[in-house]
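Structure record follows, encoded as structure tokens.
Laboratory data are not the source of any read-out in this text; all were calculated from the coordinates shown. Owing to the predicted nature of the structure, the values given are computational and were not obtained by experimental measurement. As a convention, Cβ positions derive from the backbone with ideal geometry for all residues, glycine included, and neighbour counts pool all protein chains shown.
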Amino acid sequence: MSLSTPTLATIARAANVSTNTVSLALRNDPRVRPATRDRIQALAQELGYRPNPLISDLMAQMRRGGPEVYRGNLALLNAHPDFQSLNHHPSLPAFLKGCHQQALARGYQLDELWLHANGQNPRALNRILTARNIRGIVLVGVRSPSEGLITYNPTWEKHAVVVTGVRTHLPALNYCSTDQYLLVRDALDQAVALGYRRPALAFTPHSDALVDHRYHAALLGYTYQHPTLATIPSFFECAVTETSKRAFQAWYRSHQPDLILTFYRETKTWLQELGVSIPDQVGIIILDRLKGSETWSHMDQHDERIGADAINLLVSMLQLNESGIPSTPRATLRRATWVPGTTTRCAAQA
């Protein structure tokens, strides 16, 4: 909202009345004397006041006390290069579910769009959004904090935008995600309590770069603060390939970690092929609740709730007439939850 846009408080100061009186007068409430009402309405017009229809709708609904009603459409814009990622990606389906459920609860419908569709460009995307009267965008599936997003600045500049899962840099937009730094530290707290002393990460370079290396920074900071723990080089060559398996097994034989933090379930098979006992010799913590690893020890990042957070932040932006690339981006961070499982020792063994 521009600083020059008059508000109810601006009108109240100019009219020397309370903000509540201004609100009542602009709604033609009979509790305000006609002369006062006319004076306030004329002053509002002179100052260029324009009511926000979303806020007017919201306040009217609150006064009625009824259920949420349809308020319009929002865009759920998939930035992942794979069109089907919203269905089979490890975490995006949960973001999607949370977004849809919360949008419905807030009176909105979501239109799913793909950033990489044939012929897609900022002009074409803006035409679609304008035709559908969409003012707010939830951006999911971002694969890089910067790459490619700046091309769509003409879209971000005209709409309210919230990113889920990661923080972006070019441009820097409002976002909702897990606190990735605290995620690793909380996992390490649990592991140390279970007796593990040689923790390491097994990732891809992309996974760590996507979160500004917070995973690696958290591990280094934690081992620095706990000198009884070994400092082991992380393995950053994870992939579902024979080459990656051989590299991982060589790394393990060389450094002998007793705890692995990862998103790759393949690490368990690779260790078992070496005759390593899970979880006695090596514990494994999956850093998100992934399909197929529900019984493993893992950190629940609450992806559905993060999707809901994104909708709530977006709706609040619309209600405040906030749009465009923010000068000081906002973040909503959720703390992950430890879920014990079969891939770490139990407390009685510690």
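Can you list the aspartates and glutamates whose alpha carbon is less than 13 Å from that of K291, not counting same-chain residues fewer than 8 positions off?
Reachable aspartates and glutamates: D300, D303.
Work out the charge dipole of the chain with +1 on the Cβ of Lys and Arg and -1 on the Cβ of Asp and Glu about the Cα centre, then indicate which of L314, A209, Y181 is farthest towards its positive end.
Checked the options; the winner is L314.
Step by step: find N for region 148-304, compute 2.2 N^0.38 Å, then divide the Cα radius of gyration by it. What's the final number? Walk me through the intermediate numbers first.
Values: Rg = 17.3 Å, N = 157, 2.2 N^0.38 = 15.0 Å.
Working it through for region 148-304, the quotient is 1.15.
Once Rh is set to the Kirkwood radius over Cα pairs, what Stokes-Einstein translational diffusion coefficient, in µm²/s, holds for region 259-350 at a temperature of 4 °C and a viscosity of 1.567 mPa s? Please list the in-between numbers first.
Values: Rh = 15.8 Å.
Estimated via Stokes-Einstein, D reaches 82 µm²/s.
Using just the helices of the chain, give the 222 nm mean residue ellipticity in deg cm²/dmol: DSSP H runs with n ≥ 4 each add -39,500 (n - 2.57), and the total is spread over all residues, rounded to 500.
-12500 deg cm²/dmol
Charges only on Cβ, +1 for Lys and Arg, -1 for Asp and Glu: so what's the dipole of region 8-51 about the Cα centre, in debye to the nearest 20?
Here region 8-51 has a charge dipole of around 80 debye.
Of all DSSP beta bridges located in the chain, what percent are antiparallel, nearest 5?
Expressed as a percentage, antiparallel bridges in the chain total about 10.
With +1 assigned to the C-beta of every Lys and Arg and -1 to the C-beta of every Asp and Glu, and no other charges, what is the dipole magnitude of the chain about the Cα centre in debye, to the nearest 20?
It comes to approximately 1120 debye.
When you count, for each residue, the other Cβ atoms within 10 Å and take the mean per peptide, how do 285-297, 219-231 rank with the highest first?
The packing order, highest mean first, is 285-297, 219-231.
Multiply the residue separation of K97 and R265 by 0.36 nm, subtract the distance between their alpha-carbon atoms, and state the gained length in nm to one decimal.
58.1 nm
Quick one: V17, V166, fewest Cβ neighbours within 10 Å first, how do they rank?
V17, V166
Relative contact order for region 8-51: what is it in percent, counting Cα pairs under 8 Å that are at least 6 residues apart?
The value is 35 percent.
Once you keep just the Cα pairs under 8 angstrom separated by 6 or more residues, what percentage relative contact order results for the chain?
19
Leaving out same-chain residues fewer than 8 places away, which lysines sit with a Cα under 18 Å from that of K158?
In chain and number order, there are no partners.
Taking 7 Å along the Cα-to-C-beta vector as the label spot, tell me the T337-N153 distance in nanometres, rounded to one decimal.
Each label point is offset 7 Å from its Cα along the Cβ direction, giving 4.2 nm.
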